[in-house]
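The values are calculated or read from the model by the stated rules, or taken from the named source; none is laboratory data. Predicted model only: the values in this text are computed from it and were never measured. So basically every Cβ, Gly included, is an ideal-geometry build from the backbone, and we count neighbours across all protein chains shown.
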Amino acid sequence: MSTARLTMAIYGLSCGGGGALTVERALAKLPGVVRVYVNPATEMAYIEYDPTRLGWEQLAAAVEGVGFRAGKPAAR
């Protein structure tokens, strides 16, 4: 399996970290996500995933599904 990495801005997180954990869990549940880390201080998600199984649109939809706004991703 080849993986890709991207960063995605997550708008609306607070520094408390509860929102970051919620977003991490939502992303980690997606089939094809290998690793995910959300930094609440920078409001950024760092995601490693299998691009043959899902695209950034599904990642953004998972973020928005738990009440946050996702920015356009950038390749890492």
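Here is a yes/no grid of residues against (1) more than 12 Å from the chain's Cα centre (by Cα); (2) modelled with pLDDT of 95 or more:
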| site | (1), (2) |
| --- | --- |
| R25 | no, yes |
| A45 | no, yes |
| D50 | yes, yes |
| P73 | no, no |
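Can you work out which of the residues in segment 24-50 that are in contact with a strand residue (DSSP E or B) (Cβ under 8 Å, 6 or more places away or on another chain), of a type outside the set (A, V, I, L, M, F, W, C) and not in a loop (DSSP other than H, G, I, E, B) is surrounded by the most Cβ atoms within 10 Å (Cβ to Cβ)?
Selected residue: Y49.
Yes/no per residue for (1) acidic (D, E); (2) part of a helix (DSSP H, G or I); (3) at positive phi; (4) surrounded by 12 or more Cβ atoms within 10 Å (Cβ to Cβ):
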{"position": "L6", "(1), (2), (3), (4)": "no, no, no, yes"}
{"position": "T22", "(1), (2), (3), (4)": "no, yes, no, yes"}
{"position": "T52", "(1), (2), (3), (4)": "no, no, no, no"}
{"position": "A61", "(1), (2), (3), (4)": "no, yes, no, yes"}
